[in-house]
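A short write-up of the structure that comes next.
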Ligand SMILES: NC(=O)c1ccc[n+]([C@@H]2O[C@H](COP(=O)([O-])OP(=O)(O)OC[C@H]3O[C@@H](n4cnc5c(N)ncnc54)[C@H](OP(=O)(O)O)[C@@H]3O)[C@@H](O)[C@H]2O)c1
């Protein structure tokens, strides 16, 4: 059955890889982000790939899916919709809810991948460092906590009952810090939210979990701030000697969102090649 899957941050990185997986399974995917261009590019590229290869797990293989969805040749009922919204604002979350309610009437899977380290985007100023500290902490709270909490609360009543799935995206930084504390702290705040929401939605047959990735390459997360030496350190901390890729996280999200994962809830699943235990 084609599911309705809402993915914040779906235009790039981990969100995009997740969208590809669900679309390949024939789901109707709604991508949310602030910038229209990456959302549209991703939607077009997914639709084009499905049209060429059909549904299935291997985007490069000759999939067997035939279209009942939006573009001719698309995989088994898949459809990709985009919604431009700033999810750190209540108005943005409300807008997504209105569009989803109007177009689909329900949400089967909600993946909260929107986020980032607000400290990366702000140039060091010459003002009072205390102001910069406040800016980073508030920025990370907005970017990582409000984006997830506001969208989830906005869509809460639309979640399929039973069978709905909510997945939040935390970080290894929640366990071991991120340099200045503010990013890791904002991700750690998602953990008690995951537990409380799982308790509240459990009776409706809805699961709520989080994935906590380690270093993931091929995303916009680091905004060109990742020095080669730092990257070598991060890879060196893994126990399998490689960087994560968006698909590593996407496949874990897919597992948590699967109908057969109904007894897995209130969990934080780390996806980091063992780096949290690494040196
Ligand atoms: N890459 C890593 O190493 C890593 C490690 C651990 C955890 N994570 C987490 O994984 C998640 C996905 O990040 P990524 O690595 O895939 O990086 P990314 O490519 O930068 O993806 C983040 C996405 O979130 C969207 N976004 C950010 N703020 C938003 C807002 N206020 N409203 C709506 N959308 C917003 C961005 O789109 P717009 O800018 O267009 O809004 C972007 O598409 C994030 O929560 C990140 O903290 C990443």
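Looking only at residues that are more than 16 Å from the ligand (Cβ to nearest atom) and within 19 Å of the chain's Cα centre (by Cα) in segment 133-159, which one is nearest to residue 118 (Cα to Cα)? The residue in question is 156. Within segment 7-20, none of the residues are closer than 20 Å to residue 247 by Cβ and modelled with pLDDT under 90.
When residues in segment 241-264 are screened for being within 16 Å of the ligand (Cβ to nearest atom) and in a loop (DSSP other than H, G, I, E, B), 3 of them pass.
Within segment 55-64, one or more residues are under 17 Å from residue 252 (Cβ atoms) and either modelled with pLDDT of 95 or more or more than 16 Å from the ligand (Cβ to nearest atom) (or both).
Residues of segment 243-279 being free of Cβ contacts under 8 Å to residues at least 12 places away in the same chain and within 10 Å of residue 211 (Cβ to Cβ), which ones? Across segment 243-279, the qualifying residue is only 255. Does residue 88 meet the test of being within 15 Å of the ligand (Cβ to nearest atom), touching a strand residue (DSSP E or B) at 6+ places or on another chain (Cβ under 7 Å), farther than 16 Å from residue 6 by Cβ and outside any helix (DSSP H, G or I)? So residue 88 does not fit the description; no. Remark: pairs (first residue in segment 216-240, within 8 Å of the ligand (Cβ to nearest atom); second residue at pLDDT below 95; Cβ separation under 6 Å; 6+ apart in sequence or on different chains) = 223/120.
Mind listing just one residue for me: the one in segment 25-38 that is out of contact with any helix residue (DSSP H, G or I) (no Cβ under 7 Å at 6 or more places or on another chain) and crowded, with 23+ Cβ neighbours inside 10 Å and, of those, farthest from residue 116 (Cα to Cα)? Don't jump to the end; show me each part of the working.
Step one: of segment 25-38, the residues out of contact with any helix residue (DSSP H, G or I) (no Cβ under 7 Å at 6 or more places or on another chain) are 25-28, 34-38.
Checking the rest, the ones that are also crowded, with 23+ Cβ neighbours inside 10 Å come to 26-27.
Values: 26: 29, 27: 26 Å.
That would be 26.
Tallying residues that are more than 8 Å from the ligand (Cβ to nearest atom) and under 12 Å from residue 112 (Cα atoms) within segment 1-23 yields 5. Condition check for residue 191 on (1) within 16 Å of residue 166 (Cα to Cα); (2) at pLDDT below 95: one failure, at (2).
Kindly provide the set of residues from segment 105-120 that are surrounded by fewer than 18 Cβ atoms within 10 Å (Cβ to Cβ) and more than 13 Å from the ligand (Cβ to nearest atom), ordered by number. Quick ask: steps written out before the conclusion?
Keep residues of segment 105-120 that are surrounded by fewer than 18 Cβ atoms within 10 Å (Cβ to Cβ), which gives 105-106, 120.
Once the filter is applied, which keeps residues that are surrounded by fewer than 18 Cβ atoms within 10 Å (Cβ to Cβ) and more than 13 Å from the ligand (Cβ to nearest atom), segment 105-120 yields 105, 106.
The values are calculated or read from the model by the stated rules, or taken from the named source; none is laboratory data. Model, not experiment: these values are computed from the prediction. Neighbour counts are summed over all protein chains in view; Cβ atoms, including those assigned to glycine, are modelled from backbone coordinates with ideal geometry.
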